[in-house]
Amino acid sequence: MEEKYTYEDFLDIIKTLRSENGCPWDREQTHESLKPCMTEEAAELIAAIRIYDNTGNAENLLEELGDVLLQVVMHAQIAEEEGLFTMEDVVNHVAAKMIRRHPHVFGDVEAGTSTQVLKNWEEIKKQEKTGKSWIESPLKEIPKELPSLARAPKVLKKADKLYGRKSSLKEDLAVLKKAVSCLEGEQEGLEKKEMEKQLGNVLMAVCDIAGMYKVFPEQILTDRIEDFIDDCENNPVK
């Protein structure tokens, strides 16, 4: 019978790997060196969700959730060695946050719709962020490490909310038409810098429109890429 491991066993395994008699590679890792690993594992988890949706097979999803958890525990172990915090602190912190941000479940606040839940969530989150020294500004708080097509709608939405900017479908369509006209009119003589500007305006306008319709441009583009690949491979041009 296959041996079963507990959560506590897993923490001990990672601690052993990081110990003096553990694995040389694991001992060398830092928060910085593990950044690409977390990016890769998060992407593989998203892929596993797609595979599960397409096939109903959850085996890969199970594996990739474990790999993401491994990254979390590695960072927590390194932080414990640095005297910063422990995995227990991480769990306690996120548990407390979930209770604090769900007063309609764990308190006496009324929230009968998901819209009201999100409104309460944002207000509580805003209070939590007040006075945090690492936050440069409300818009810069949105991580630049996000893919640009995922970050742009968040920046635009927050700009609407905080700075009086108002998304306008008419204005966004005008931006698209202007860019198309510019690109059509000067196919040969358009400087690279101007072309980059026009294409950047197109992408921002597309992201703004996506935000209005509550769709995710990063996921839309990913899906269209997959459609393109399938079309190319299933219907090759002879």
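The values are calculated or read from the model by the stated rules, or taken from the named source; none is laboratory data. Quick caveat, the model's predicted, so the values are computed rather than measured. Every residue, glycine as well, gets a Cβ built from its backbone with ideal geometry; the counts of neighbours run over all protein chains shown. Side chains included, ligands, DNA and RNA excluded: accessible areas come from the protein's heavy atoms. Shrake-Rupley method; radii C 1.70, N 1.55, O 1.52, S 1.80 Å.
So what's the back-of-envelope 222 nm ellipticity for the chain, counting only DSSP H runs of four-plus at -39500 (n - 2.57) apiece and dividing by all residues, rounded to 500? Before the final figure, lay out the partial values.
Working: 11 runs with 166 residues, N = 238.
So the calculated ellipticity at 222 nm is -23000 deg cm²/dmol.
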Kirkwood-based Rg/Rh on the Cα set of the range 86-135 evaluates to 1.04
For the chain, averaging the sequence separation of alpha carbon pairs under 8 Å that lie six or more residues apart and dividing by its residue count, the contact order in percent is 11
Rounded to the nearest 10, the angle in degrees between the Cα long axis of helix 192-212 and the longest principal axis of the Cα atoms of the chain comes to 70
Here the relative contact order (percent) of the range 71-179, from C-alpha pairs under 8 Å and at least 6 apart, is 11
Cα extents of the range 16-81 along the principal axes, largest first, in whole Å, come to 44, 21, 18
Taking Phe10, Phe106 and ranking on accessible area (1.4 Å, protein atoms only), highest first, one gets Phe106, Phe10
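Got a sec? What order do Asp172, Asp223 fall in by accessible area at 1.4 Å, biggest, i.e. largest, first? Present the calculation step by step, with values, prior to reporting the outcome.
Working: Asp172 15, Asp223 65 Å².
Ranked list, largest accessible area first: Asp223, Asp172.
What's the whole-number percent of alpha carbon pairs in the range 126-195 lying beyond 17 angstrom? Walk me through the intermediate numbers first.
Working: 1521 of 2415 pairs.
Across the range 126-195, Cα pairs with separations above 17 Å total 63 percent.
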Probe 1.4 Å, heavy atoms of protein chains only: per residue, the accessible area of the range 3-59 in Å² is 75
Answer check: the chain, Cα atoms, Kirkwood Rh, Rg/Rh ratio of 1.03
Here the Kirkwood hydrodynamic radius of the range 99-238, Cα-based and in Å, equals 18.5
Taking protein heavy atoms only, a 1.4 Å probe, and rounding to whole percent, the accessible area of the range 84-148 owed to carbon and sulfur comes out at 57
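Multiply the residue separation of Arg165 and Glu141 by 0.36 nm, subtract the distance between their alpha-carbon atoms, and state the gained length in nm to one decimal. Write out the running numbers ahead of the final one.
Working: separation 24, 0.36 × 24 = 8.64 nm, distance 1.79 nm.
Extra length available between Arg165 and Glu141 comes to 6.9 nm.
How big is the equivalent ellipsoid of the range 28-135 along its three axes, where each semi-axis is √(5λ) from the Cα gyration tensor, reported in whole Å from largest to smallest? Each step should come with its number before you reach the end.
Working: eigenvalues 166, 115, 32 Å².
After scaling each eigenvalue by five and taking roots: 29, 24, 13 Å.
Quick one: accessible area per residue over the range 126-238, 1.4 Å probe, rounded to a whole number of Å²? Don't skip to the answer; put the middle values down first.
On the way: 9030 Å² over 113 residues.
With the other protein chains kept in place, the range 126-238 gives 80 Å² per residue.
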With the charge dipole of the chain built from beta-carbon charges (+1 for Lys and Arg, -1 for Asp and Glu) about the Cα centre, the Cα from Met87, Ile99, Leu203 projecting farthest to the positive end belongs to Leu203
